[in-house]
Amino acid sequence: MTRLRMLFALLLLAAAPVVAQLQIVALVFVVSRVLYVYCYVTDKASLRSLVWSVGFFASVSLYALAIRSL
C-alpha cells in the first residue's frame with residue numbers, strides 16, 4: 001500500500017506544473033472573452049481583433065496542454 005501512495009504522490013507532483021499552466025491559460029481565455037465583449041460594445045475594432053486572437057491562441061494552448069499531459 002505504501003508503494004501505491006508514493007506512486008500517487010509522484011504523479012501529483014508531475015502533474016502540478018501542467019495544472020498551473022492550465023489555470024493560467026484558462027484565466028487568459030476568460031479575460032480575453034470579457035475584454036472582447038467590452039471592445040465590441042465600445043466599437044473598438046482593431047483592439048477587438050487583437051483580443052479575439054489572444055483568446056483563440058489561449059484556446060489552442062488549452063488543447064495543446066491537454067494533449068501533452070496524456
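Within the set of pairs 6 or more residues apart or between chains, which connect a residue that is modelled with pLDDT under 95 inside region 29-57 to a residue that is surrounded by 13 or more Cβ atoms within 10 Å (Cβ to Cβ) with Cβ atoms less than 8 Å apart?
none
State all residues of region 51-70 that are of a type in the set (A, V, I, L, M, F, W, C) and surrounded by 14 or more Cβ atoms within 10 Å (Cβ to Cβ); if no residue qualifies, say none.
Across region 51-70, the qualifying residues are V51, W52, V54, F57, A58, L62, L65.
Mind checking which residues of region 30-46 are aliphatic (A, V, I, L, M), more than 21 Å from L62 (Cα to Cα) and open to solvent by less than 80 Å² (accessible area, probe 1.4 Å)?
A45
The values are calculated or read from the model by the stated rules, or taken from the named source; none is laboratory data. These numbers come from a predicted model, not from an experiment. FYI the Cβ positions are ideal-geometry reconstructions off the backbone, even for glycines, and counts take in every protein chain you see. To get the accessible areas, we keep the full protein, side chains included, count just its heavy atoms, and leave off ligands, DNA and RNA. Shrake-Rupley method; radii C 1.70, N 1.55, O 1.52, S 1.80 Å.
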